[in-house]
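The values are calculated or read from the model by the stated rules, or taken from the named source; none is laboratory data. All figures in this text were calculated on a predicted structure; none of them were measured in a lab. As a convention, Cβ positions derive from the backbone with ideal geometry for all residues, glycine included, and neighbour counts pool all protein chains shown. The accessibility values were calculated without ligands, DNA or RNA, using every heavy atom of the protein model including side chains. Shrake-Rupley method; radii C 1.70, N 1.55, O 1.52, S 1.80 Å.
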Amino acid sequence: MTASAKFTVVPDGSVTSPKGFRAGGLHCGLKKTERHDLGVIVCDVPAAAAGVYTLNAFQAAPLRVTQMSIAAEGKLQAMLVNSGNANACTGQQGEDDAFAMRAAAARALGLAEHHVGVTSTGVIGELLPMTKVLGGIEQLPQRVKADGGDDFCQAILTTDLVQKMTCVRLTVNGKAVHIAGAAKGSGMIHPNMATMLGFMTTDALIDSSYLQQLLSRTTDNTFNMITVDGDTSTNDMVVVMASGLAENEALHPQHPDWEAFAAGFQYVGEYLAKAIARDGEGATKLIEVNVAGAASDDAARAIAKTVIGSSLVKSACFGADANWGRIIAAVGRAGQPVNTETVDIRLGDIMVLEQSRPVKFDEERAAEYLKGDFVQIQVDLHMADGKATGWGCDLTYDYVRINAAYRT
């Protein structure tokens, strides 16, 4: 997705670019290396907040704590995150530890407890070493700064190879408004939110109820349309905070600048989602699946995610094998209406199936296309107007190597 006339991308923008936000990170000892493993985003004022959370039945304790914080007033002033330990499937002790993290961060930062959210990412089923965590939280305020976005991004990484962050600027009522985001995710990626974490910040003035509506809609079209391995984490969460310090008129769906704001919000979500897919464990390429002509948008979403999540499709892309049979098989098993006589499939601009019948194509040209670091698969069902786009990555030898030794 590219910037439009409605907004511009801020060069070197970060989660602290919107007015009122600071961030920081440090190493408190959760990771074996000296990389940061504890981070925080702080707002100068209580910010309107919204969140979406994993639908995995084994929802990690920090997510429940954050939901309680937002439910109190619809506001957050800080988001605390640790990597290296998911604090998931840890029973009552894990829940107590999540509350203890929230309380400690509130004390250290001088905030109300219900204005602090917490989240964790890493190994499931291990208790947090709370002495290290609490010691790190005490030091965090000294590390929080206006240009602390990079330190925060480092603190949220697990098997990620790169940091994922972006920011856009637009005008609302003549006021400059920023929307920014940071995310982590590389493996156990198949978000199902109404190990992937997303954090968005904005200085726009907007009520938490409208922020929630926009986040939920955007998530359906971005974070929920990516997959690396088909596994939905216990810790998936996206949280957005809006400081209101841009001093615009309050945004709402009838506001004349609402669509511009929504477009910028969509861009940030899509940028982060695609960055996660591109950084999939062991991945060598980003795969995009465009589905058109489906019975509905929901049907198109289901088909796109089935294709992008197919291990056989992902393996074929890794091997540069133009095996369209794997694609049409995935389309057919998605559980959605399909006219089996009208399906077209293209690899980039190379037609390989037309009206559900094989087309002669240049195998060498197709193989060369599949060797690139971006592969686009286009599926047209020629049934109705439903459409969707999904993103994923290829399945490589390194994915198995990384996950065979994740804990060790």
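Below are the figures for this structure:
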{"quantity": "Dipole-positive endmost among Cys28, Phe318, Ile402 within the chain (Cβ charges, Cα centre)", "calculated": "Cys28"}
{"quantity": "Per residue, in Å², the accessible surface of the stretch 286-405 once ligands and nucleic acids are set aside, probe 1.4 Å", "calculated": "47"}
{"quantity": "Ordering of 323-333, 200-210 by burial proxy (mean other Cβ atoms within 10 Å per residue, highest first)", "calculated": "200-210, 323-333"}
{"quantity": "Label-reachable residues, the stretch 138-163, where backbone N falls under 14 Å from a point 7 Å from Asp373's Cα toward its Cβ", "calculated": "161-163"}
{"quantity": "Cα-based equivalent ellipsoid of the stretch 92-243: semi-axis lengths in Å, sorted from largest, via gyration tensor", "calculated": "25, 22, 15"}
{"quantity": "Dipole magnitude of the stretch 7-279, debye to nearest 20 (Cβ charges: Lys/Arg +1, Asp/Glu -1, about Cα centre)", "calculated": "300"}
{"quantity": "Cα convex hull of the stretch 7-279 - mean projected area over all directions, nm²", "calculated": "12.2"}
{"quantity": "Value at 222 nm in deg cm²/dmol, rounded to 500, when DSSP H runs of n ≥ 4 in the chain each add -39,500 (n - 2.57)", "calculated": "-10000 deg cm²/dmol"}
{"quantity": "Whole-Hz couplings from phi, Karplus 6.51/-1.76/1.60, listed for the stretch 7-12; x for Gly and Pro", "calculated": "7, 10, 7, 8, x, 6"}
{"quantity": "Accessible carbon and sulfur surface of the stretch 195-286 relative to its total accessible area, %, 1.4 Å", "calculated": "45"}
{"quantity": "Virtual spin-label span in nm between Glu34 and Leu55, 7 Å along Cα→Cβ", "calculated": "4.5"}
{"quantity": "The stretch 208-359 - charge dipole about Cα centre, Lys and Arg +1 at Cβ, Asp and Glu -1, debye rounded to 20", "calculated": "540"}
{"quantity": "Cα gyration tensor, the stretch 286-405 - rounded (a/c under 1.5), prolate or oblate", "calculated": "oblate"}
{"quantity": "The chain - share of DSSP beta bridges that are antiparallel (%, nearest 5)", "calculated": "70"}
{"quantity": "Furthest towards positive pole of dipole, Asn192, Trp391, Leu38, structure part the chain, Cβ charges", "calculated": "Leu38"}
